[in-house]
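K.L.:
Quick one: structure below, then a few questions.
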Amino acid sequence: MRPSARLHFGAACVCIALAAVLGSGMVLAAPDEPAPGATSSYQSIAVVKPARGETVFNNAGDMEVSVAVSPDLNAAAGDRIALILDGRTASVRSATQFKLTGIVRGEHSLEARVLDSGGNVLIASGQMKFEMWQASRLFPNRRGK
């Protein structure tokens, strides 16, 4: 089992921090989320491409990602968007369009976070799932779309 867990309920990303020690000795801790009492001018953030549950067809494992943030990203103040793919930072940019490469086939989770110039999380989208489809090497005559 993993030593930490993240619980999300809908787009609002309500996170519950558990400081309980389970019978197995595992401790669940809160992930990097906006600090309690932190102020942010951002009202919402969401991954809009790929869509939740979408299957992406790309044999090379490349994928374009679009993030919607409201109000617009304040890049002049040093705010950036971090994409978290399968729990790891995949890209950080002062833009809402990304190109990720080398994603292996299978189900993946994706999350977007707005970071301030100090790297603090201002708002997070919560995780969404998508599927990366790649043609099998076992069937070389079968082509992907």
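K.L.:
How far apart, in nm, are two points set 7 Å out from the Cα along the Cα-to-Cβ line at residue 120 and at residue 101?
P.N.:
3.5
K.L.:
Taking a quarter of the surface of the convex hull around the Cα atoms of the stretch 52-131, what do you get in nm²? Don't skip to the end; give the middle numbers.
P.N.:
On the way: hull surface 20.1 nm².
It is 5.0 nm².
K.L.:
With just the Cα atoms defining each centre, how far is the stretch 36-77 from the stretch 91-129? Give it in Å.
P.N.:
Here the answer is 7 Å between Cα centres.
K.L.:
A follow-up question, please. Can you tell me which of 94-104, 78-88 comes out highest on packing, and rank the rest after it, using the mean Cβ neighbours within 10 Å?
P.N.:
Numbers: 94-104: 13.5, 78-88: 16.5.
By packing density, highest mean first, the sequence is 78-88, 94-104.
Rule-based calculations on the coordinates, nothing more; no lab input. These numbers come from a predicted model, not from an experiment. Please note: Cβ atoms are built from the backbone with ideal geometry, for glycine as well, and neighbour counts cover all protein chains shown.
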